[in-house]
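What follows is calculated from the coordinates using simple rules that are stated; it is not laboratory data. Just so it is clear, the model here is predicted, and its values are computed rather than measured. In this analysis, Cβ positions are derived from the backbone assuming ideal geometry, glycine residues included, and neighbour counts consider all displayed protein chains.
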Amino acid sequence: MSDSAHRPPPAPTLDAPQSAPSTTPIAATPMAFVQAIVQAYRARGMDPGAALSQAQITPDQWRDSEARVSSGQFETLSAAAMRELDDEALGWFARRLPWGSYGLLARASLSAPTLGLALARWCRHHALLTDDILLQLTSAGDHARLAISERRELGALREFCLVSMLRNALGLASWFIDSRLPVLAAEFPFDAPPHAPAYAVLFDGPTRFGAPCAALHFDARYLALPLTRDEAAMKQMLQHALPLTVRQYRRDRLLVARVRQILATDPGSAHNAGQLAGRLHLSTRTLHRQLKEEGATLQALKDEARSARAIDLLQRTRQPIKQVAETVGFANEKSFMRAFKGWTGQSPSEFRQRAARLQQRPK
């Protein structure tokens, strides 16, 4: 098997999301990450010049902390550094992780039936590579958390290490299920760096600095999704691992469920598409497009939530029809009655009467 078949997910690179493919890469990767790789070389007493030259990064550029490089440049630099240093961790840990280490971890997780088990394996097996950090996956209710416990001082490469570990795990998880995995929140145990705005590209949810530990928070329902990849796809992915960290997955396999959950909490609200998209960290256009890809529309989901709430109120309460209409978000009783008959084939009064008769039948 060729070395490229074990290629690891690279350190984090940033491409600003684009609605259409572009032939011109956007220089969005903070120079701090390039400087971290340079520091890893120096810690080993090695010269990063050849790798920097291969990535077309000049000395003046990498010394400029305000500068940026493209994802392609950073991929080239990372791959060259991993080869020359023979360390896929790029100096983060007390001992090197030889070329192929992360590829083996990814393969070991591939046979898991669900994403939750795959990530649990990833965390457990990572402890076999190094005990400098410990990855922990926990879930409670609808909330999941992937956290990093630091077992030793990571020094000057701390930010580079923690960001890379979480971003790579997120990229691999998204690849496993072929779906966008929205980040509800990202946390890091250090002060906001000068390049903090770049975190909005790395993690689509809000980022909090000064937290107790590095962690990602996301919807636990994704953990139950089955893996969609096979060995052939794994081999291809490991030959071109960069998309794990920069690919903007169009599909969100749980988007319909997430929209339903929001609508169910307040079916009477108008749920303006822009406000709903904001809660989901999407643009309005992306929300409509992704729902369409999942065979749904926002209006249909809103009608479903209103219908379910109206039926519940008509069955359980004696609220007047007008009050039920207002509760589920209709401006007047007439429009509600028209909509309800379209949903059920009955008027609200007919539905309530029939439900009452059914409840009175002897069991």
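Below is a table of values for the structure above.
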read-out: For the stretch 255-360: relative contact order, % (alpha-carbon pairs under 8 angstrom, 6 or more apart); value: 25
read-out: Relative contact order of the chain, defined on C-alpha pairs under 8 angstrom at six or more residues apart (%); value: 16
read-out: Between the stretch 191-237 and the stretch 123-167, the Cα center-to-center distance that results, in Å; value: 12
read-out: Charge dipole of the chain about the Cα centre (unit charges at C-beta), most positive-ward option of THR265, GLY100, MET337; value: MET337
read-out: Around ARG95: net Lys/Arg minus Asp/Glu count, Cβ-Cβ under 11 Å; value: -2
read-out: Net charge over other residues, Cβ less than 11 angstrom from the Cβ of LEU313 (K, R count +1; D, E count -1); value: +3
read-out: Gyration tensor verdict on the stretch 133-181 (Cα atoms; rounded if a/c is under 1.5, prolate if a/b is larger than b/c, oblate otherwise); value: oblate
read-out: Nearby lysines by direct alpha-carbon distance to LYS302 (threshold 29 angstrom, same-chain neighbours under 8 apart not counted); value: LYS292, LYS322, LYS334, LYS341
read-out: Within-11-Å neighbourhood charge of ARG151 [Cβ basis; K, R +1; D, E -1]; value: -3
read-out: Dipole moment magnitude, nearest 20 debye, the chain about Cα centre, only Lys, Arg, Asp, Glu C-beta charged; value: 2160
read-out: Nearby aspartates and glutamates by direct alpha-carbon distance to LYS235 (threshold 15 angstrom, same-chain neighbours under 8 apart not counted); value: ASP3
read-out: Radius ratio Rg over Rh of the stretch 255-360, counting only Cα atoms, Kirkwood formula for Rh; value: 1.03
read-out: Inverse mean reciprocal Cα-Cα distance (Kirkwood Rh) of the stretch 85-221, Å; value: 15.4
read-out: Under 5 Å, built H, 5+ apart or other chain: amide partners of ARG151; value: ILE133, LEU134
read-out: Helical mean residue ellipticity (222 nm; -39500 (n - 2.57) per DSSP H run of 4+; nearest 500) of the chain; value: -14500 deg cm²/dmol
read-out: For the chain: Kirkwood Rh in Å [reciprocal of mean 1/r, alpha carbons]; value: 23.0
read-out: Helix axis angle, 31-43 relative to the chain longest principal axis, alpha carbon, degrees; value: 40
read-out: Mean-position separation - Cα centroids, the stretch 82-105 and the stretch 300-314, in angstrom; value: 54
